[in-house]
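Each remark here refers to the structure printed beneath this line.
Computed from the coordinates by the stated procedures, all read-outs in this text should not be read as laboratory data. What you see is a predicted model; the values in this text were computed from it and never measured. We place every Cβ from the backbone using ideal geometry, glycine too, and count neighbours over all the protein chains shown.
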There are 2 protein chains.
Amino acid sequence: MIGEKIKNLIQQNESKIVLVVMDGVGDISGNDGKTALEQARTPALDRLAAVSELGLTIPVDIGITPGSGPAHISLFGYDPVQHEVGRGVLEALGIGLTLEKENLAARANFATRTPDGIITDRRAGRIPTEENERLCAILGKNIKKIKDVEVNVYPGKEHRFVVVFKGKELFGNLYDADPQEAGKKEKLVQAADKKSERAAAVANEFIKEVNRVIADEYPANTCLLRGMANPPEIEKFGDLYGLKSCAIATYPMYKGLSRLVGMDIKEGLVSIEDEVKELEKSYKEYDFFYIHVKKTDSYGEDGKLEEKIAVIEEFDSCLEKITELNPEVLCITADHSTPAAMKSHSWHPCPFLIKSRFCRFTGEEGFSEKECASGSLGTFMAKDAMQLMLAHAGRLKKFGA
Amino acid sequence: MIGEKIKNLIQQNESKIVLVVMDGVGDISGNDGKTALEQARTPALDRLAAVSELGLTIPVDIGITPGSGPAHISLFGYDPVQHEVGRGVLEALGIGLTLEKENLAARANFATRTPDGIITDRRAGRIPTEENERLCAILGKNIKKIKDVEVNVYPGKEHRFVVVFKGKELFGNLYDADPQEAGKKEKLVQAADKKSERAAAVANEFIKEVNRVIADEYPANTCLLRGMANPPEIEKFGDLYGLKSCAIATYPMYKGLSRLVGMDIKEGLVSIEDEVKELEKSYKEYDFFYIHVKKTDSYGEDGKLEEKIAVIEEFDSCLEKITELNPEVLCITADHSTPAAMKSHSWHPCPFLIKSRFCRFTGEEGFSEKECASGSLGTFMAKDAMQLMLAHAGRLKKFGA
């Protein structure tokens, strides 16, 4: 509704906003009828919930299961459908790369082709990661530039690698170079609009070079290029909200997503305890802190409910260190749900808690999906959560008179 | 969603709709953990709530604190971001003026300037209101017209006054003539688009005339013009909803906002009791009644929680007179929240109650933020409340077959 007009309402003050994202913490009732948050012993969260506003957030849209990209873009206050983060870009962020505007990132597969161009295996028999690393080194040595475009190749796991093209006017509205099933003829990259034709030509030249350089490395003697994309053009957090912000995260993907919106990134963190210590250390320096708790999601993906519960309890034991800093606004939520019983992300709304001096609390006795469903905030779009944080921080002027 | 298409769904009947706006009644938990509505003794409201539908409304958008203008525009069923009410217009409405299309209203400050055009005090030392009235009389006598445009000047409090320009094609997309801080050179009005250039020229000629006429009235020897605007182009209530409507309010601003959407205005009312008597008196004559209770907001602004509670109880004691009329639809809500602990408007959603023969009630035991948060209506945008009132009044046909 208010959209971009929020910029006209921003006012500065000394407040601190701490946003904790417990990745995938939302759950379903599962076989035993209770969610991870319901089962976890969380005395600190429960005390906090009683004097906070609770609600549920919808990451992208009702019934839509988001990836980490859109789920975070949304929490950072951007429309996740309008600002799509391409898969190539996410893959690059996931291995810790920094992308500039007009860089073009692709996720690539090593694959197998016959001499007449039939793709016989889209994953080259899932070659071992070491083999992948060896092949990427060969490509890196032999394909440094295509025309005036710099080419960088980064190995991933098994048959997966990342290609980043750096040059001018490399627009990423491109169709995948992937026949989708084995036994079909190889596909070239095709531009989906006029201005992306240059990028398509460069990408196809790259594939041709790969075919030449690793011709004798059967089964991995070609590559597929997928999810080619430029980093999304997103107005920086600082420009939009006037917030000096930093990301406190352990995994590259989340640091990368934060970098996209212009946050400073803290490095070298491994545990939740590390993250809270970093918060204490950087507390004076920033207005806004994004803290990412990864393992609630990881264990959800693995179907390990007990371990997911343990991570929630671990966070709960660190929570007092955060509340002792007494930030003007403390917000605890998830980017999406990852029910252990589903072993995947899901569309279920995310528990949301916000604490400030300006709360209308309903005296809920804990922090779980159930209390959040009856909380004073109702169910709302995650992309509007930033507006709520800014309001509670006293950082928004009145709209109209 | 349905937007303007609502017009196609309107059908006429004999139903009466009564909308009571308890200005700013929404509150936060504050120091004592309870809101004004939670603390007030409201037997009549509680009885009503048990057989009504309850919910919470968002005036403009999540986290956005609205002024009275957008908050009311929204309750009257219009998009408050699309139909912004300029500050000059609100100021004019606030002192009881009626504005026509293409009238241009500005809020003005008496200010102090040096002979070479430096603004040394943007408020002319906050001159007394009597002095302001004297100066406005001088301006009124000496500046009646600029070109073919009629000029009217109305004193406000201290240094503030209102200017209304009446003529053709005076378009108000204008930048303020206000250097924003003392010690800077005076600023002229500038047009923000081509078609507003005529209005800019007229406004600048006005400032020049003011400088001439009150040159010797130091410190108030010039004026700043701010928030210049035309009344918003809004489709009238009658045309949009087919409702013959009237506003029962005590304060000029709310009468003015009602006049903007085409309501009849009842004058000479001071208390809630007066307002209810007016409702009884006019009951046969209209389909829709907007009743405005001002003092919940005034005491909220003053931080006087006890007095705010007393106004709620005063309204409660009058409620039976309204329910005895047995309107087909009775809706009780706020335009925005004005928590006493914040001494200002806030972004918190507004308690909302609707009573008709067609309710799905959940048996809530009272009318407060808490019961509304768990009510059957959930949390929704205030601009959709009119649709709900029309539906409960049987005034909307089926959409589609």
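Any chance you could check the Cα centroid distance between the stretch B:73-134 and the stretch B:275-322 for me, in angstrom?
Each part's Cα centre sits 28 Å from the other's.
Which of the pairs A:Lys295/B:Lys34; A:Lys5/B:Lys101; A:Lys7/B:Lys383; B:Lys144/B:Lys295; B:Lys208/B:Lys236 have their Cα atoms more than 28 Å apart in this structure?
Checking Cα-Cα distances, A:Lys295/B:Lys34; B:Lys144/B:Lys295; B:Lys208/B:Lys236 exceed 28 Å.
Compute the acute angle (0 to 90°) between the alpha-carbon long axis of helix A:129-142 and the principal axis of greatest extent of the alpha-carbon atoms of chain A; round to the nearest 10°.
Approximately 60 degrees, to the nearest 10.
Cα atoms only, the protein assembly as shown: Rg and Dmax in Å?
According to the Cα coordinates of the protein assembly as shown, Rg and Dmax are 31.1, 97 Å.
What is the dipole size for the stretch B:90-229, taken about its Cα centre, with +1 at each Lys and Arg Cβ and -1 at each Asp and Glu Cβ, in debye to the nearest 20?
For the stretch B:90-229, the charge dipole is close to 180 debye.
Please report how far the C-alpha centroid of the stretch B:351-380 lies from that of the stretch B:199-232, rounded to the nearest whole angstrom.
The two parts, judged by their Cα centres, are 50 Å apart.
For the stretch A:123-176, state which GluC sites (Glu not before Pro) are in a DSSP loop and have at most 15 other beta carbons lying within 10 Å of their beta carbon.
Sites meeting the loop and neighbour criteria: A:Glu169.
What are the ³J(HN,Hα) couplings of the stretch A:108-122, residue after residue, when phi is run through the Karplus curve with 6.51, -1.76, 1.60 and θ = phi - 60°? Round to Hz, x for glycine and proline.
10, 10, 6, 9, 10, 10, 7, x, 9, x, 8, 7, 9, 8, 6
Quick one: Cα centre-to-centre distance for the stretch A:250-274 and the stretch B:159-179, in angstrom?
Measuring centre to centre over Cα atoms gives 50 Å.
If you take the charge dipole of the stretch B:90-229 about its Cα centre, with +1 on Lys and Arg Cβ and -1 on Asp and Glu Cβ, which of B:Ile95, B:Ala220, B:Gln190 is farthest toward its positive end?
Positive-end residue among those listed: B:Gln190.
If R0 is 41 Å, what FRET efficiency do you get for A:Asn211 and A:Val81 from their C-beta distance, rounded to 0.05?
Efficiency computed from Cβ-Cβ geometry: 0.65.
Using Cα pairs under 8 angstrom and six or more residues apart, how large is the relative contact order of the stretch A:90-229, in percent?
32
At most 14 other Cβ atoms within 10 Å and a DSSP loop assignment: could you name the trypsin sites (Lys or Arg not before Pro) in the stretch A:31-129 that fit?
Listed in order of number, the matching sites are A:Arg41, A:Lys101.
Would you mind counting up the charge near B:Leu9? Only other residues with Cβ under 12 Å from its Cβ, with Lys and Arg at +1 and Asp and Glu at -1.
Local charge sum for B:Leu9: +4.
Mind ranking A:359-370, B:63-74 by how tightly packed they are, going by the mean number of other C-beta atoms within 10 angstrom, highest first?
Packing order, densest peptide first, comes out as B:63-74, A:359-370.
Taking the Cβ of each residue in A:Ile138, B:Ile119 as the centre, tally the other Cβ atoms inside 10 Å and list the residues starting with the fewest.
Placing the least packed residue first, the sequence is A:Ile138, B:Ile119.
Sorted from fewest to most neighbouring beta carbons within 10 Å, what does the list A:Leu9, B:Leu135, B:Leu9 look like?
Ordered from fewest to most neighbouring Cβ atoms within 10 Å, A:Leu9, B:Leu135, B:Leu9 come out as B:Leu9, A:Leu9, B:Leu135.
Find the percent of Cα-Cα distances in chain A that exceed 25 Å, and round it to a whole number.
Cα-Cα pairs in chain A separated by more than 25 Å: 59 percent.
Per the helix-only calculation at 222 nm, which mean residue ellipticity applies to the protein assembly as shown, given -39500 (n - 2.57) for every DSSP H run of n ≥ 4 and division by its residues, nearest 500 deg cm²/dmol?
-9000 deg cm²/dmol
Run through all the Cα pairs of the stretch A:90-229 and give the fraction in each 10 Å bin from 0, expressed as whole percent.
13, 47, 35, 5
Taking the Cα centre of chain B as origin, work out the dipole magnitude from +1 charges on Lys and Arg Cβ and -1 charges on Asp and Glu Cβ, in debye rounded to 20.
That gives a dipole near 1160 debye.
Roughly what % antiparallel, to the nearest 5, for the DSSP beta bridges in the protein assembly as shown?
DSSP beta bridges in the protein assembly as shown are roughly 65 percent antiparallel.
In which sequence would A:Ser376, B:Ser15 go, from the one with the fewest C-beta neighbours within 10 Å to the one with the most?
Least crowded to most crowded, the residues run B:Ser15, A:Ser376.
So in chain A, what percent of DSSP beta bridges are antiparallel if you round to the nearest 5?
65
What angle do you read, to the nearest 10 degrees and between 0 and 90, between the alpha-carbon axis of helix A:197-213 and the longest principal axis of chain A?
60
What is the magnitude of the charge dipole of the protein assembly as shown about its Cα centre, with +1 placed on the Cβ of each Lys and Arg, -1 on the Cβ of each Asp and Glu, and no other charges, expressed in debye to the nearest 20?
It works out to roughly 2320 debye.
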